[in-house]
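S.K.: Supplied in structure tokens, the structure appears directly below.
Here, each number is a calculation from the coordinates, and none is a lab measurement. For clarity, every value in this text was computed on a predicted model and none was experimentally measured. Cβ atoms come from the backbone with ideal geometry, glycine included; neighbour counts cover every protein chain shown.
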Amino acid sequence: MNQQVLFELKNDITCFQKDFLGNKPLKVRKTLGQFFTRSIVSDYMASLLDDPKIRTIRILDAGAGTGILTASTALHYLNQGYKTSLSNFRT
């Protein structure tokens, strides 16, 4: 998976979130416990990560959301020159 594919995936996630949020009133989302991290927030959170100084980075997204935090984290490290490998990728 390259940087462009991840960027497109992140855009798809953002579009999904906007569509969902536009179709569900806040009261319903509160009842369901559904809240989504905005792209600008996930990018900021990823920017706070330190350079791990190791060759292999593994990202575990323990959330139950759309994956925006994982996408932002992966893009953050790709922008820093790390390479990707999804050999152990699971959904």
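S.K.: With angles folded into 0 to 90 degrees, how steeply does helix 68-79 sit against the dominant principal axis of the chain? Use alpha carbons for both and round to 10.
M.R.: Around 30 degrees separate the two axes.
S.K.: Kirkwood Rh, Cα Rg: Rg to Rh for the range 23-81?
M.R.: Rg/Rh: 1.09.
S.K.: So if a site counts as exposed when it's one of the trypsin sites (Lys or Arg not before Pro), its DSSP state isn't H, G, I, E or B, and it has at most 12 other Cβ atoms within 10 Å, what's the longest stretch of the chain without one?
M.R.: Longest site-free region, per DSSP loop and neighbour criteria: 1-52.
S.K.: Let me ask another. Taking K and R as +1 and D and E as -1, what net charge do the other residues with C-beta under 14 Å from the C-beta of Lys10 add up to?
M.R.: Within the 14 Å Cβ shell, the charges total -2.
S.K.: If you stretched the chain out fully between Lys53 and Glu8, how much longer would it get, using 0.36 nm times the residue separation minus the C-alpha to C-alpha distance?
M.R.: Result for the pair: 13.4 nm of gain on full extension.
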